[in-house]
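The structure appears right after this line, and notes come after that.
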Amino acid sequence: MQYQTAIVSVIDVWGVFLPYANHYLFNLEVGQPIDLSRNIACAKALQLGAKYLLFIDSDMVPPPDGLEILLSDRRPIVSGVYRGRGEPYHIVANAGKNVVPDSILDAPQIVKVDEVGMGFCLIDTRVLKAMASQVLKEWRCFQNHEKEGTEVAIFSDKDAIKNNYKCTYCGQLIVARFFWSRLGMQNINAMSEDYFFCLNVRKLGYPIVLDTRVFVNHDAMFVESGRNGLENTLKSAGNVH
């Protein structure tokens with residue numbers, strides 16, 4: 001199955017329950033590596049002037065009110081809670097060097113973590129702006145611009161903002177490396193793209209939290225990794241009316 005990431009850019013926020021559907025913009029990124037998909041999503045959210053960016057991976061099954069709950073927290077980065085798709089089905093988040101324990105599910109609470117997966121995670125776009133200006137500092141175009149004297153067109157964060165995150169040569173979207181999949185590729189900080197993002201978030205001093213009120217099931221081929229482990233969500237054909 002091709003990996004997909006949906007993003008929801010929240011254009012405006014008037015309260016916990018948003019009264020108008022046009023306050024959400026949905027976009028599907030598919031067909032490229034996951035870190036590139038996420039970087040495109042970040043650039044598009046900034047282009048739109050969105051206040052928040054919600055990542056939803058295609059194998060996530062969130063509760064109906066999950067987004068509203070995360071919005072109500074008003075945190076820089078807040079994630080729902082979900083387990084990995086494979087054994088031992090740990091919660092996908094770390095505190096220090098340890099996996100977050102199942103005991104956090106015993107009561108509704110906000111839990112501070114160091115790393116979290118982006119399967120269902122809400123990000124205040126001010127975090128992206130701070131990361132781009134203070135940590136990343138460079139934006140790049142996808143197109144080859146040898147005719148303009150440079151194979152890769154590189155822009156400062158100041159110029160990226162001035163041009164609304166578009167290349168001055170071709171007008172196409174430019175991206176920064178908010179996410180970078182480094183597993184099996186680097187000698188240090190060899191981590192997944194979402195944990196690399198969290199590493200830079202910590203450099204900026206922003207807290208990363210889980211809201212245990214939002215538990216998200218994780219689809220795992222005819223079963224789901226749920227609150228209590230693997231759950232069979234298929235219903236017998238005899239029960240279908």
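The values are calculated or read from the model by the stated rules, or taken from the named source; none is laboratory data. Just so it is clear, the structure is predicted and the values come from calculations on it, not from any experiment. No Cβ is skipped: glycine too gets one built from the backbone with ideal geometry, and neighbour counts run over all protein chains shown.
Taking every residue in the range 140-163 that is closer than 22 Å to residue 179 by Cα and pairing it with any residue that is in a strand (DSSP E or B) and of a type in the set (S, T, N, Q), at least 6 positions away or on another chain, the pairs with Cβ-Cβ distances below 8 Å are 152/144; 153/143. Considering every residue within the range 145-158, establish whether at least one is within 20 Å of the chain's Cα centre (by Cα) and modelled with pLDDT of 95 or more. The answer is no; no qualifying residue exists. Restricting 24, 20 to those that are at pLDDT below 70 and out of contact with any helix residue (DSSP H, G or I) (no Cβ under 9 Å at 6 or more places or on another chain) reduces the list to 20. For residue 111, the criteria (1) more than 22 Å from residue 206 (Cα to Cα); (2) at pLDDT 95 or above hold in every case but one, which is (1).
Residues in the range 178-215 that are aliphatic (A, V, I, L, M) and at pLDDT below 95 were compared, and the one that is surrounded by the fewest Cβ atoms within 10 Å (Cβ to Cβ) is 188.
Within the range 224-237, residues that are over 13 Å from residue 85 (Cα atoms) and modelled with pLDDT under 70 have Cβ atoms under 9 Å from residues that are loosely packed, with under 13 Cβ neighbours inside 10 Å and aromatic (Phe, Trp, Tyr) in these pairs: 233/222; 234/222, counting only partners at least 6 apart in sequence or on another chain.
Residues that are of a type in the set (S, T, N, Q) and at pLDDT 90 or above are absent from the range 55-71 altogether. When each of 104, 40 is tested for being assigned to a helix (DSSP H, G or I) and in contact with an Asp or Glu (Cβ under 9 Å, 6 or more places away or on another chain), the lone residue that passes is 40. Inside the range 137-170, can you point out the residues that are surrounded by 15 or more Cβ atoms within 10 Å (Cβ to Cβ) and assigned to a helix (DSSP H, G or I)? Within the range 137-170, 157, 160, 161 meet the criteria. Mind telling me which of the residues 131, 118 ends up being part of a helix (DSSP H, G or I) and touching a residue at least 24 places away in the same chain (Cβ under 8 Å)? So the residue among 131, 118 that is part of a helix (DSSP H, G or I) and touching a residue at least 24 places away in the same chain (Cβ under 8 Å) is 131.
Residue count for the range 94-126, restricted to those that are loosely packed, with under 14 Cβ neighbours inside 10 Å, charged (D, E, K, R) and farther than 28 Å from residue 37 by Cα: 1. Would you point out the residue of the range 92-115, among those that are in contact (Cβ under 8 Å) with a residue 24 or more places away in the chain and of a type in the set (Val, Ile, Thr), that is nearest to residue 224 (Cα to Cα)? If we take residues in the range 92-115 being in contact (Cβ under 8 Å) with a residue 24 or more places away in the chain and of a type in the set (Val, Ile, Thr), then 92 is nearest to residue 224 (Cα to Cα).
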